[in-house]
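*Asks:* Below is a structure I'd like to ask you about.
Since every read-out is calculated from the coordinates, none of them should be taken as a lab result. Predicted, not measured: the structure shown is a model, and the values here were computed from it. Cβ placement follows ideal geometry from the backbone for every residue including glycine, while neighbour counts extend to all protein chains displayed.
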Amino acid sequence: MHDVKSVRDDPEAFDRALARRGLSPVSPEILRIDLALRTAQTALQTAQSRRNEASRQIGAAKARKDEAAAAGLMAEVEALKGDMAGMAAEEAFQAQALRALLASLPNLPADDVPEGEDETGNVELRQHGDPSSAPAGRLNRPRDHVELGERLGGMDFEAASRMSGARFVVLKNGVARLERALGQFMLDLQTREHGYTEVSPPLLVKDEAVFGTGQLPKFKEDLFVAQSIDWEGVKQRVAEMGVAWVEANQAQITPLVEDLRRTIPEDDQFQAAVQAAIEVLVDRYAAFDTDRLQGLIDSGEFTERRWLIPTAEVSLTNLVREQIIGDDQLPLRLTALTHCFRSEAGASGRDTRGMIRQHQFQKVELVSITAPERSAEEHERMVTCAETVLQRLGLAYRTMLLCSGDMGFSARKTYDIEVWLPSQGVYREISSCSNCGDFQARRMDARCKTPGEKGSRFVHTLNGSGLAVGRTLVAVLENYQDESGRIAVPEALQPYMGGLTHLEA
RNA sequence: GGAGAGGUGGCUGAGUGGUCGAAAGCACCGCACUCGAAAUGCGGCGUGCCUUUACGGGUACCGUGGGUUCGAAUCCCACCCUCUCCGCCA
């Protein structure tokens, strides 16, 4: 979320920054709405001021029993109120429009982010490790993790798809344990050695939380949603609507009833016939109104909705939402091992084989909350914390600085870490560390202040994977395989595997 | 799920529908007294927005959203949250 004031102060700079993201200028539109909003605000406040003054005078007039003066003032306020309703509506409309527009725009790239339209513009900062020195480095044709996992009896995509569909997997035996070991290892590293605080956060969160980190409102198609419907409430509403319809259509119903009265004697049979007639009418009504009913359910009036987190960044960052934190408490360094859920709606056909792109995966997330002037150095520290995981696991990787066109919505600067995958012969993203500046803090209203001093500032938020467990599992399997399909367990993981040195069928 | 209580400034806590943004206390800041400190006294002490070169002025905010009223922290409605008791439950 952007500060209107910054746009007001330097519209050209704002548009220039957006252009780096490949967006056309928006500042004229912003300034137009901003002006309309402030005009409406000033008009409304002037009217409110007069109303408040008149009301006070009415009180004073009544106190001295001057009913004539009071009546005159009341008439004036009455007239004023008519205008005020329109002004208030205009103000609310413009405020909403401005907020919606500002909320839809991505963060502005930091000055040191390279220009570029897509991933080809990313800059490699450093490489670590030699792919050929891993056990798989000696093989002519390394197997991919799907083949390795299935041969080990540890990966079952078919069973997963029978119960859940595509992009799910069942892990078993040593592979399941390896996944657990990786998660524990990463979490221990980040908490014990890098000073992150372990958190076990909610995985289901409200709209506001997902808005705060920037996935809503623009990217809801990437998310899974969980909802519970109040069926009792729906039933009650249907009944109410039925009664209302019968009342509204009394003119049709009455002749029908009278017709029945004439043709059927007044006994039980008559009662039953009337009952049947009513049921027919209600059914007809219900058939007419299913669309409206569906609309009611869709409106959320009877549904309790929660989003499944696509990353623990959402839960961890929102820990500080609507809070004012003392500068002396910062930085906050938070980590969590959680499942993540992504619908991957825009990725059909991409990475369909294997565990690279799943609807559900585990990840150790790192989040830092810092004072504004501290976020840049914290960003460097964070990417180092993520790289350490790969170093300890003995996996080759390279660190990329993303260009302006390839960054995520909320980021002002992003480092990607890519791990070597021998089966594909390429580096694949395994971590992404972003400095979001105050972009998320504004959306969440998260501030910090120096104790004893006046005023508060928006905090800076950073997030990074440390690391994605699923993709790390893939990397370990593929890099540590030998010609027979055995997997050597990296030394760092052996304590988490009960001392096991190899996975084999 | 049922019954009850409650949500007011950093905290505690008052507030007959009319100069209430809100008493009082604590905390905090400044000043005085003091060699210094404590105690005491005096003064200050919320946030957002609009407006103003500035001093300042205005407006909104007492859980949230509606409503009644010339006027709402105060009355009405809905919702959210917290606490207590009962029931159910991993």
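*Asks:* Determine the distance separating the Cα centre of region A:52-99 from the Cα centre of region A:328-375; give it in Å without decimals.
*Replies:* Centre-to-centre distance over Cα atoms comes out at 52 Å.
*Asks:* Assigning unit charges at the beta carbon (Lys, Arg +1; Asp, Glu -1) and nothing else, what dipole magnitude in debye, to the nearest 20, does region A:1-122 show about its Cα centre? Please list the in-between numbers first.
*Replies:* Working: 15 positive and 21 negative charges, 212 e Å.
The calculated dipole for region A:1-122 is roughly 1020 debye.
*Asks:* Hey, another quick one. Rounding to the nearest 20 debye, state how big the charge dipole of region A:316-447 is about its Cα centre with +1 on each Lys and Arg Cβ and -1 on each Asp and Glu Cβ.
*Replies:* Working: 17 positive and 17 negative charges, 87 e Å.
Roughly 420 debye for region A:316-447.
*Asks:* Tell me the label-point distance for the pair A:ALA276, A:LYS206, using the 7 Å Cα-to-Cβ offset, in nm and rounded to one decimal.
*Replies:* My value for the distance between the label points is 5.2 nm.
*Asks:* Residue farthest toward the positive end of the dipole of chain A, with Cβ of Lys/Arg at +1 and Asp/Glu at -1: which of A:LEU204, A:GLN127, A:THR254?
*Replies:* Farthest along the dipole direction, towards plus: A:GLN127.
*Asks:* At 0.36 nm per residue, and after removing the present C-alpha to C-alpha distance, how many nm does the segment from A:GLN391 to A:ASP351 gain when stretched out fully?
*Replies:* Working: separation 40, 0.36 × 40 = 14.40 nm, distance 2.58 nm.
Full extension from A:GLN391 to A:ASP351 adds 11.8 nm.
*Asks:* Please work out how much length the chain gains when fully extended from A:LEU35 to A:THR384, using 0.36 nm per residue of separation minus the C-alpha to C-alpha distance, in nm with one decimal. Before the final figure, lay out each step's value.
*Replies:* Values: separation 349, 0.36 × 349 = 125.64 nm, distance 4.54 nm.
Here the segment from A:LEU35 to A:THR384 would lengthen by 121.1 nm.
*Asks:* Treat each spin label as a single point 7 Å out from the Cα along the C-beta direction, and report the A:THR120 to A:GLN329 distance in nm.
*Replies:* 4.8 nm
*Asks:* Please give, to one decimal in nm, the separation of the simple spin-label points placed at A:ALA159 and A:GLU78, each 7 Å out from Cα toward the Cβ.
*Replies:* Roughly 7.9 nm, to one decimal.
*Asks:* So, one more: Of the options A:THR450, A:THR384, A:SER423, report the single residue whose Cα projects farthest towards the positive end of the charge dipole of region A:360-452 (beta-carbon charges: Lys, Arg +1; Asp, Glu -1).
*Replies:* Most positive-ward Cα: A:THR450.
*Asks:* In debye, nearest 20: dipole of chain A around its Cα centre with unit charges on the Cβ of K, R (+) and D, E (-)? Walk me through the numbers before you get to the answer.
*Replies:* Numbers: 59 positive and 76 negative charges, 177 e Å.
Roughly 860 debye, rounded to the nearest 20.
*Asks:* Taking the alpha-carbon distance from A:LYS81 and a cut-off under 18 Å, which aspartates and glutamates remain once sequence neighbours fewer than 8 residues away in the same chain are dropped?
*Replies:* A:GLU53, A:GLU90, A:GLU91
*Asks:* Looking at the P(r) of chain A, how many percent of alpha-carbon pairs lie beyond 30 Å?
*Replies:* Details: 79341 of 127260 pairs.
Considering chain A, 62 percent of its Cα-Cα pairs are separated by more than 30 Å.
*Asks:* Can you give me the Kirkwood hydrodynamic radius for region A:376-424, using every pair of distinct Cα atoms, in Å to one decimal? Mind showing how you got there, number by number?
*Replies:* Numbers: mean 1/r = 0.0828 Å⁻¹.
It is 12.1 Å.
*Asks:* Hey, what D do you get for region A:449-505 in µm²/s if you plug the Kirkwood alpha-carbon radius into Stokes-Einstein at 20 °C and 1.002 mPa s? Walk me through the intermediate numbers first.
*Replies:* Working: Rh = 15.0 Å.
Calculated translational D: 143 µm²/s.
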